[in-house]
Structure formats: structure tokens, C-alpha cells
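The values are calculated or read from the model by the stated rules, or taken from the named source; none is laboratory data. Remember, predicted model here, so these are calculated numbers, not experimental data. Please note: Cβ atoms are built from the backbone with ideal geometry, for glycine as well, and neighbour counts cover all protein chains shown.
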Amino acid sequence: MNVETKFKIGRRMVPVTLEYNDDHDKIKLHFRFNRPLLDIVKTSFEGRRWLGPIPGQRTTGPKLWEIPVTQRNDFVLQHLQARHGGESPYSKYDHATDESYLKPTMKRVEEYFFSRYGDTEELYKHQVEMVAHALLTNDCLLACEMGTGKTLAALLYMEMSGLTDWVWVAPNSALRAFYEEVDRWKPLVSPVPMTYDGLKKYVARGRHIPQGVVFDESVRIKTPTSQRSVAARNLANELRRSEFDTALLLLSGSPAPHSPLDWWHQCEVTQPGFLREGNVFLFRERLGIFEDANEGAYKKHVTWRDTEEKCATCGELRTSDIHGLTPFGLPAPGNHSFIEGKDEVSFLYKRMKGLVLVKLKKDCLDLPDKVYEQRKLKPSRDTLMAAKLIVDTSSRAIECLTGLRMLSDGFSYTQEETGTKVCALCNGKQEYPEFFDPDDPSEFVPDEWANQGIKYLFNDDGDTIGEKEIVYSQRIVECLNCGGAGSVPSYTRTATLVECPKDEELRNDLDVHTEIGRLNIYAGFTASVDRVVSVCNQQGWDVLRVDGRGWQHCPVLGEEIPNEKLLNVYQHGFDECPRLAFVAQPGAGGEGLTLTASPTTIYYSNDFNASSRIQSEDRIHRIGMDIERGAKIVDYLHLPSDLYVLTNLKQKKSLQRQTMTGLKEVYANV
């Protein structure tokens, strides 16, 4: 079937023929040479394939491209044909930013909220706008900073949408906060809650497709190739295929992520095709500046295009020496003229407008600034000598930093062999099937690559720079994990404790907070969490502990509080539990929770995840906090490396990018 149409390209209407195959799963595009249209085909359509000139035509005649029928390609086609008798798929997103549509919808939200809760509860103006935005689009991303009240806005939207069959996907800790909000607001809809791991199983088993889905903490699906991202995209696509009304809502507490690449897949899940770039690599190419590396084998990322003061050619600032000129006004040898760049990162927020609603706490709420305090604790001479020994004998920065962080917390892990266990790799069979690349048999191939038939390409920093299709071969090899024995040694890990000044400092802080009765404490290791729990119990404090082992109430006396009540008791149950400390690892208990019962968060120690640090800090700085008491963030700094870790967290530098050089400099004069 052929369809004659026209695409709006700039100011011109370009004739195009769409030729559908019999199965209606592929479309051939016929059009005469047009450079702007050619650029759109290459960048916007996924899976596009050039078929060359039409058979029997001159090479300068019409070109022939083939694209699969997908939701992204359908969105792009609708947009290109919008000026030729159709409605642009961007229209509903334009309505969400149009005052004539937005204001009446906001008024309707306010009236609905008052009818449900009267004047006993307050709904902030920015929350009203969140709900209105979702109602006008039905598929959007609320990128509103942590603590701005996204959960209530989402619950209101679900009620007002008229849809009753919902799924709410979130990390474990965020689900607990969700239960608290549901208990407080008692929404008229009952969404089915599940974790992102549960989502993978839900999609794999082909379960019932709901009417609406909420992806909370949607930054978890920012990586296009991860299993949870693929599951989220598949579920969202199934929703859009439904013949009934559906809705998709993404909630993110990171309106300004560390990497702008984090936006692409979140937007693609929300509405495929909204962003022009058909894959994350094209998106990356537009937002960044790259240079050839390893003799042109791949392109190395130099910088983001985030200011006009960066040269469009090299990425260096306008004032860099590389742009220096001779007295005759010509570039000096080895230099080049400065070419003004474009701020693509800031422009990206304009491109996402309508699909993504960004709200910052400073613009929405009159909250006091967080107050930061660093407590420097004097280490003993023996501890310093042990620290220097770790630095001098370590060959890798990861190993060194891990040892120093454990020493700073007053313990070290030791492993004792306790027997044997069946090899997990070969299940005791002594050999196993292994995939390999016929062109490079020695390279390790993950099973996931083999199953997808894809090979990913990386640069020296470990960043993905491309992919290619490949057919892997398989061979039977001796198990490398057990050496063909079928079993491996089993070990028991124990923590050996030593004196640590952090314990005494924590006892003092617990005494200071006795009248308040609540205190948040984060520690980087499981053994550190156990140590903090012990100190709190010794001081007469009950503990709500959250780490890789789950949630648990650790009482001084009396019965344990059930898991499902712990968060509510922490926030409101002062009569039931007068002194209760929240003790957690930042990654396990730093996301999605509201812990405003305490005005203080203490970092007994940090992990090396910048996102976990940012998230955990904001548990006390949000709607519901005591404005008079404020929000105080305290770091215990025992060894010099503690400040080194904290500084790198603030700069968002990963553990994998650390070197021994910096650590040796830290301890050079100790």
C-alpha cells in the first residue's frame, strides 16, 4: 500500500511516498534528495536502513529508505505530516505549557482537593501544577526535586484521571514512603506496588497490562541496556498499544542529573520520539565534544556543550592558550581560532518542555538552607601508622580506599575458610558452555551480550561508545572458577573491632538529641551499621536499621515493632517509642523516604556513591520539616582520607576513577 504525503521540512513541504509492506511492519520512504530531510531520517528514525536509489532511476533521482513500524517512528511520522492535514503529537505537550489550558486545569485540581480533604490539609501551588501537567498530557515526567511532594501529586492525578487499574514501581525504600503516603491520604485508587526487580519478573511472565503505571525514582531506568530499563520500556510500549485510555507517569528527584545523558532513556520511555535523536549515541554526540582516541578506534568524551564560552571545535574555554593568535591576528603554530559553541545542555531543557516538568525546592518552598558541619576527630598514632601502612602496601586505589574507610570506622574484615561449597558457575559439573567472538576468541563475552547478539564497545574510561550486531560461537571449557574441581572453598567474614573516636562523638550527639528523640545516622559498611546500632542501644535508644539485610527494629527493651509500622512510628510515634534512631547505609535507606522527625543527619562514614549521598541528605530537607529547627548535615572525619572521600563525593567522582597518587599525597605529611 502506497501513501502520498508531504513532510514539513523547515519552510518547505517535501513530497514523500510511504510504501507499506503486506505485514504493515515496515515502511519504505521515497523522496528526492533533500539534505534537511536526510538528516532527520538519519537521526530520528530508529532501525532506518538505506536501500539506495530506486531501481531503474538515476543516482540523482529519488532515494529509498526503509524503517520499521515502531512507536518512535510513528511519532516522528505524525509530526512530519502534521502540516499536511494532521495534528502534531506534540500538541498535548504544548497544552501543558499554555496558560489558557493550564490555569483552568489547576483550578479544577484545587477544587477537587478541597472536596476530598476540606481545609484541614494544604496543597502547594507547585503540586497543583504537577497534577494539572499530568492531566493535560497523560504521559509525562515530573522531574521535581526531592521533598517537593511528588507522591501526593501522583496519587491525586491517579484519582482524577478516571483510571482505576494502576501499578506503582519504585525502589524498596521509596515503596515504604509510598505506603506511608497511601496510609495518610487514603486514595480512592489502589495501585499495585512492586520493585524494579519485581517489574522485570512481571514483564517477563507476560502479566496483565494495567491502565496506568507510575515509575518512581525513574533515574533507575536511565541506562537503555539495563534489564530494568528494558522491562520498563516494554511495559510502557504495551500500555500505548492498548485500545483503551492509559497513562504513564515518571517521577524523578533529580531535575539536574550529573550527566545530561540520563535524560534520553527516561524521555524515550515516557514518549518515544519526543527527543529527535533516535538513540543515546546520537544524543551523546549532540550534547558533547569528542576527540579521536587510540588512533581513531573510538571517540573520547572531552566535555559537554554547556556554555557558549567553550570552543565548538576543541571544547576549551575562550581564554585557553590554544586559541592564542600571533601579532598578525593568525592562530599561533598548533593553535586554532576560537569558534563560539552552543549551550546544548541548557537548550535540552527547552526541548523537553511539555514532556518534562522541572521544579526546584528553592523555587517552590520557603525552606531554610541546609547547614553543613565537619567534625574532625583526632586519630591515635597507632591508627595513623596503620593507615600509612595501607597506603604504602596497596597497589590499587579501590583496595586502598576500602581499607582506609574500614580503619576509620574502627574495624577490619577478616575471612576464615570454613569448608567447601558447590561451584556457582558450573553447578558442580566441572565444565560449562562459554560464548566467544570468532574474531577475538580470547575476549570475555557476558551471556547477556550473547543472548542479544550484540557487542558493546567501550572507551578507556569504561563509557559505552557504540554497539554492533554479532553472531557468537559456543564452546565447552573447564570451569575457571573451581579449576575443574566442581567445588570452591567457603569463607566466613568477621569484623575485628578497635577503638574509634567516632563512637564517643556519636554518644554526645545522641545525648544532645534526647529531647527531640529522633536522629538519622548513615554508615558506609554493614559492620559500621552494626557498630552504630550497638552504640545507640547502649545509650538507651531504639534503632530502625536499614541495610542490605532489610529493615529491622532493634529495641533496647520490649517487643519489636512490625516492619510495616516502623516508618510511621519514626515520624509520629513518639509516645510508642520516645527515642528512635534511624541507622542505614546511604544506598539502602537514602532514597524516597521522609525522615523530617529529626533535624539532623549524621554521616558516621560515607560510601562512594554521589547519588546516594545527595538522596540521603534530602530525607530531612523537605515538606513537613520543622522550619525553626532547620536541617543540619554532620560528617565525622577521623582519618585524612575521610575528607578526601567527602570531597570526591561532592565533585561526583566515582571510586573507579581514583588513583594511588592522590591518596599518597593525602598521607605524605601525616
(1) in a helix (DSSP H, G or I); (2) without any contact (Cβ under 8 Å) to a residue 60 or more places away in the chain all hold for Glu129 apart from (2)
If a residue counts only when it is of a type in the set (A, V, I, L, M), farther than 30 Å from Ala247 by Cβ and touching a strand residue (DSSP E or B) at 6+ places or on another chain (Cβ under 8 Å), which strands (runs of 3 or more DSSP E) contained entirely in region 268-383 have at least 1 such residues? 288-293, 298-304, 371-376
State all residues of region 195-234 that are touching a residue at least 60 places away in the same chain (Cβ under 8 Å) and of a type in the set (A, V, I, L, M, F, W, C); if no residue qualifies, say none. Val214, Val219, Ala232
Number of the condition not met by Leu248 [criteria: (1) part of a loop (DSSP other than H, G, I, E, B); (2) touching a Ser or Thr at 6+ places or on another chain (Cβ under 7 Å)]: (1)
So Arg176 passes all but one of these: (1) buried (at least 18 other Cβ atoms within 10 Å of the Cβ); (2) more than 26 Å from Ser226 (Cα to Cα). Which condition number does it fail? (2)
Here is a list: Leu519, Leu510. Which entry is under 35 Å from the mean Cα position of the chain (by Cα), at pLDDT 85 or above, outside any strand (DSSP E or B) and buried (at least 17 other Cβ atoms within 10 Å of the Cβ)? Leu510
When region 361-389 is checked residue by residue, the ones that are hydrophobic (A, V, I, L, M, F, W, C) and modelled with pLDDT under 90 are Cys364, Leu365, Leu367, Leu384, Met385, Ala386, Ala387, Leu389
If you scan region 154-209, which residues turn out to be farther than 29 Å from Tyr117 by Cα, among the small types (Gly, Ala, Ser) and assigned to a loop (DSSP other than H, G, I, E, B)? Gly206
Those residues of region 213-225 that are modelled with pLDDT under 95 and over 22 Å from Ala256 (Cβ atoms) come to a total of 1
Does region 321-329 contain any residue that is polar (S, T, N, Q) and touching a residue at least 12 places away in the same chain (Cβ under 8 Å)? no
Regarding Ala247, is this residue surrounded by 15 or more Cβ atoms within 10 Å (Cβ to Cβ), within 18 Å of Phe75 (Cβ to Cβ) and either in contact with a helix residue (DSSP H, G or I) (Cβ under 7 Å, 6 or more places away or on another chain) or of a type in the set (Gly, Ala, Ser) (or both)? yes
Per-region count, region 463-496, residues modelled with pLDDT of 85 or more and among the β-branched types (Val, Ile, Thr): 3
Restricting region 566-601 to residues that are of a type in the set (S, T, N, Q) and more than 22 Å from Phe525 (Cα to Cα), the residue that is nearest to the chain's Cα centre (by Cα): Thr594
